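Asks: Could you have a look at this structure, given as structure tokens, before my questions?
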Amino acid sequence: MNLAQGVQVVSLGLLSLMVLGAALGVVLANNIVYSAFLLGGVFISISGLYILLNAGFVATAQILIYVGAVNVLILFAIMLVNKREDFAPISSAWIRKGVTGLVCIGLFALLSTMVLTTPWLIASIPASGEQATLLIGEHLFSDFLLPFELASVLLLIALIGAIILARRELIVNEPASGVDAGLMLPERPREGVAVGSDP
Amino acid sequence: MDVPSLSTQLNPLVILPELIVLTALVVVVVCDLIVGRTASRWTPYVAVSGLLVSVVQLGFQWNNDHAIAFLGGFNGDALSIVFRGIIALSAAVTILISIRYIEQSGTALSEFISILLAATLGGMFLSGADELVTIFIALETLSISSYLLTGYMKRDPRSNEAALKYLLIGASSSAIFLYGISLLYGLSGGATKLVDIGTALTLSTGLGDPSIGIVIALVFVIAGVAFKISAVPFHQWTPDVYEGSPTPVVAFLSVGSKAAGFALAIRLLVTAFPVVWEQWRFVFVALAILSMILGNVVALAQTSMKRLLAYSSIGQAGFVMLGLIAGTEQGYASMIFYLFIYLFMNLGGFTCVILFSLRTGTDQISEYAGLYQKDPLLTLGLSLCLLSLGGIPPMAGFFAKLYLFWVGWQAGLYGLVLLALVTSVISIYYYIRVIKMMVVKEPQEMSAAVLHYPVVQWNLPGMRPLQVSLISMVLITSLAGILSNPLLSLANASVSNTPLLQSFIKASTVSVSITDVDSHL
Amino acid sequence: MELQYFLLLAAALFCIGVYGLITSRNAVRVLMSIELMLNAVNLNLMAFSNFLDPGEIKGQVFTVFVITVAAAEAAVGLAIILSIYRNRDTVDMEQFNLLKW
């Protein structure tokens, strides 16, 4: 084993420990803010794994989109939904957790048997390495053109829909009353949307 | 690869119907942005005409010899054309019945229509997608738009809750589906086209038993598909989402989204999993049994009309699976025929439910009591559609069910067909119960909502399209049974014009006859 | 550097995601668990792409698409959580029982 391979093996071990530890933290931590930051840790260590898999472009995309967008979005959501909430304990919650844990361990055992027994068709040609970005671009404009274009519709609709759902309804007619009107966004009173009040 | 040869290889004209829908979507979004709120007076009609033009365009592509587009990513064969037509039609009717509903609830109409058009687009692409990435993106376009539609009444806590549940269950089921797909990519040694995957899996299995990897991939993929067609035990979201979300959305989910799920099921299972044919058939037998029993039995106990229709749609999905299990040419044809009839009768039923809730503001079954004396047209329409859903002759639903059961019997699924018969008798009971409620004679049995029933006015804004869709749906439901020949020949032709189904039917009948010979020896 | 090693890691991550999905009571944490599952799938795809399909790397393209969709899904999910929080003033999954399961 030469130096380069040694570095790879050590970083692989470190990164996978980080992934598993941070993922367990996301699921088990009591404080949701810790979970969110640990989720960022999972994303970053996975992008390290991508670099080990000769995929620099996807590793960058992972950091940009997952850490830069998704994780920040989740942190914002936690801040907006910032009520310190102690959930009322449910009796026999530990039974549910225990059963779920057993099921998940069983699922892992099944999947790992599958991984270890399947004869994967390992290719013999070397990895594309530096050419990967070029290849991705060629794919996006030839055989994956349709999903690429459809993804734009998906993103447009997600954008429109998320804005509609998350924005407050501004009052059109009546101005906001009260002294601290400048501090709060005026919002239409929440009447029920009884659908058939009067036709 | 130079540009002209690339464009012939891409063959983009196959997706012309989708491009028309996309144009309508862009027109709706941009015009609403420029013109402002007054645009909502005509944007629905732009969308509906776009959808109808797209259906016509689908008709022109019927005998297209160059159906493969985007280098194998999209397959516009006859099977996909039928399903795309069903989805586009259901979206058009949904828009017609949603205009008044959305206006009355005080939310923006144009955004609703654009999200619905995006869902339609996703469903249409899903029906023809022939490659894993396209399948995934189309599926997600459909799903994400459906989550948004479900939560569209954002000030109604029930709509919020339905959207949250739908999103969480849907996103986790699509993650599971995706894990199965990633296994397919690995097991086939790096193929993403369904045909290549099917070949690779057949090669690697040979004559032996399928490997555990293929079975796990199959189970994960079926979990994702069964969620879309809401088969038991992947149905938990259905009653909640149906009850909480706006009624026009429910109409679309129960017809369009379900049809897209069936299209995906047929294409994916038939093309990529011919090697585990026995296994997936077995899984679908189990799903069909559970769906028929649970859907129809739990529907007996429902008090809300929307929940009743939710459970009934679970049961109907169980019936449709019969055709998939039969696996013969007529099996697929009967599925398509049933979905067509289901489109009309279910949308007709939902139109009536929307009309009733617009006028009274409720959808409890007990509130329908005595409706006959106040609104005979609505009572007649709802009764005809419910009778058709229950399968009473001479409604269209009867002939569709008859064909389905006959095909199942021909294929030797005796137990399953008997179970289907028993459960459809149960279903007749709860449909009749609603009808009986509506036609009670005595005025004192009339419910409070019906007592204060407003005068029927069709000239309010947005009521005309409702009237048009009510009358046309009810007419088709009652006449399509007797005049069912065109639809029937359409369903048969779509199966016989689809190469992938033909080759699969040939292969499976050969393998069945081989096993028969083996068992005789 | 073995393919199986990455696949096992992905399977473990997927199972942790499933555990979080079922046991979490905070709706935001459920969304995070879904992100974990999607990342497990991505790891699977990337490993297959590197070891089985190094010439065409379709798995990498697939991963790019999954990342895109995951971002859209997270945005929509958080919008829905915000709107339900405005109406119900909680994000506890056990409290969302207007509609029975």
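The values are calculated or read from the model by the stated rules, or taken from the named source; none is laboratory data. Only a predicted model underlies this, so the values are computations on that prediction, with no experimental measurement involved. Note: ideal-geometry Cβ built from the backbone for every residue, glycine included; neighbour counts use all protein chains shown. When the accessible area is computed, the model is the full protein with side chains, heavy atoms only, and any ligands, DNA or RNA have been set aside. Shrake-Rupley method; radii C 1.70, N 1.55, O 1.52, S 1.80 Å.
Asks: Here is the link list: B:K228/B:K306; B:K193/B:K228; A:K97/B:K193. Which ones come out longer than 28 Å on Cα distance?
Replies: As for pairs spanning more than 28 Å Cα to Cα, those are A:K97/B:K193.
Asks: Sticking with this one: Run the numbers on chain C and let me know its relative contact order in percent, using alpha-carbon pairs under 8 Å that are six or more apart.
Replies: The value is 28 percent.
Asks: Compute the distance from the alpha-carbon center of the stretch C:9-73 to that of the stretch B:39-72, in whole Å.
Replies: Rounded to whole Å, the Cα centres lie 34 Å apart.
Asks: Another one. Of B:K401/B:K506; B:K154/B:K436; B:K154/C:K58, which ones are farther than 29 Å apart at the Cα?
Replies: In this structure, B:K154/B:K436; B:K154/C:K58 exceed 29 Å between Cα atoms.
Asks: Taking Cα centroids, how far is the stretch B:217-266 from the stretch A:101-136 in Å?
Replies: 30 Å
Asks: As a check on your grasp of the helix formula, calculate [θ] at 222 nm for chain C: sum -39500 (n - 2.57) over DSSP H runs of n ≥ 4, divide by the residue count, round to the nearest 500. Kindly include the intermediate steps, with their values, before the conclusion.
Replies: Numbers: 3 runs with 77 residues, N = 101.
Helix-only estimate at 222 nm: -27000 deg cm²/dmol.
Asks: Still on this structure, I have one more. Wrap a convex hull around the Cα atoms of the stretch B:40-121, take a quarter of its surface area, and give that in square nanometres.
Replies: Average of the hull's projected areas for the stretch B:40-121 equals 5.6 nm².
Asks: How crowded by other chains is A:52-64, given as the mean number of beta carbons from other chains within 10 Å of each beta carbon?
Replies: For peptide A:52-64, the averaged partner shielding equals 5.
Asks: Could you order peptides A:103-111, B:205-213 by the average number of other Cβ atoms within 10 Å of their residues, highest first?
Replies: Ranking, from highest mean packing down: A:103-111, B:205-213.
Asks: Quote the FRET efficiency, to the nearest 0.05, computed for A:T100 versus B:T303 with a Förster distance R0 of 35 Å and r equal to the Cβ-Cβ distance.
Replies: That gives a FRET efficiency of 0.60.
Asks: Carbon and sulfur together cover what percent of the accessible area of chain B at a 1.4 Å probe radius?
Replies: Ligands and nucleic acids excluded, carbon and sulfur reach 69 percent.
Asks: Need one value for A:87-94: mean number of C-beta atoms belonging to other chains within 10 Å of its residues' C-beta atoms. Let's see the in-between values first.
Replies: Details: counts 8, 4, 0, 2, 0, 0, 3, 0.
The mean count of partner-chain Cβ atoms within 10 Å per residue comes to 2.
Asks: Keeping all protein chains in place, calculate the accessible area per residue for the protein assembly as shown (probe 1.4 angstrom), answer in Å².
Replies: The answer is 37 Å² per residue.
Asks: Between B:I392 and A:Q8, how many nm apart are label points set 7 Å from Cα along the C-beta direction?
Replies: Roughly 7.2 nm, to one decimal.
Asks: Hey, if we sort B:K228, B:K193 by accessible area with the 1.4 Å probe, largest down, what's the order? Display every interim value, and only then the final one.
Replies: Numbers: B:K228 10, B:K193 65 Å².
Accessible-area ranking of B:K228, B:K193, largest first: B:K193, B:K228.
Asks: For C:N26, list long-range residues whose amide hydrogen, built 1.01 Å from N in the peptide plane, is under 5 Å from its own amide hydrogen.
Replies: Under 5 Å from the amide H of C:N26 lie the amide H atoms of C:M93, each far enough along the sequence or on another chain.
Asks: Tell me the volume per residue, in Å³, of the convex hull enclosing the alpha carbons of the stretch A:9-82.
Replies: 61 Å³
Asks: If you don't mind, there's one more thing I want to ask. Give the accessible area for B:T362 in Å² (nearest 10); use a 1.4 Å probe, count only protein heavy atoms, and leave out ligands, DNA and RNA.
Replies: Around 30 Å² of this residue is reachable by solvent.
Asks: In addition: Let me check I've understood the local charge: for B:A191, count other residues with C-beta under 15 angstrom from its C-beta, Lys and Arg +1, Asp and Glu -1. What total comes out?
Replies: Summing Lys/Arg as +1 and Asp/Glu as -1 gives -4.
Asks: Counting only C-alpha contacts under 8 Å and six or more residues apart, can you give the relative contact order of the stretch A:9-82 as a whole percent? Can you show the working numbers first?
Replies: Numbers: 60 pairs, mean separation 22.0, N = 74.
In percent, rounded to a whole number, it is 30.
Asks: Further question on the same structure: Helix-derived [θ] at 222 nm for chain B: sum -39500 (n - 2.57) over DSSP H runs of at least 4, divide by residue count, nearest 500? Intermediate results must be reported in sequence, preceding the final value.
Replies: Working: 23 runs with 393 residues, N = 521.
Result for chain B, helices only: -25500 deg cm²/dmol.
Asks: Students often check this: by mean Cβ neighbours within 10 Å, which of A:132-144, B:148-160 ranks highest, and how do the rest follow?
Replies: Working: A:132-144: 17.8, B:148-160: 24.8.
The most tightly packed comes first, giving B:148-160, A:132-144.
Asks: Considering the Cα trace of the stretch C:2-60, what is its radius of gyration and what is Dmax, both in angstroms?
Replies: Calculated on Cα positions, Rg and Dmax stand at 13.3, 44 Å.
Asks: Please report the Cα spread of chain B along all three principal axes, rounded to whole Å, starting with the longest.
Replies: Extents along the principal axes: 72, 58, 41 Å.
Asks: As a test question: what accessible area, to the nearest 10 Å², does A:W120 have when a 1.4 Å probe is rolled over all protein chains in place?
Replies: 30 Å²
Asks: Same structure, new question: When Cβ neighbours within 10 Å are restricted to other protein chains, what is their mean count per residue of peptide B:96-104?
Replies: 1
Asks: Once you have the alpha carbon radius of gyration of the protein assembly as shown, what is it after dividing by 2.2 N^0.38 Å, with N set to its residue count?
Replies: It is 0.94.
Asks: To test your reading of the geometry: what angle, between 0 and 90 degrees and rounded to tens, separates the Cα axis of helix B:414-438 from the longest principal axis of chain B?
Replies: Result, in degrees: 10.
Asks: Same structure again: How are the C-alpha pair distances of the stretch B:168-273 spread across 10 Å bins, as whole percents from the shortest bin up?
Replies: 15, 42, 26, 13, 4, 0
Asks: Sticking with this structure for a sec: Quick one: angle between helix B:43-60 and the longest Cα principal axis of chain B, in degrees between 0 and 90, rounded to 10, please.
Replies: Once rounded, the angle reads 40 degrees.
Asks: I've got another one for you. So what is the relative contact order of chain B, in percent, for Cα pairs below 8 Å that sit 6 or more residues apart?
Replies: 15 percent
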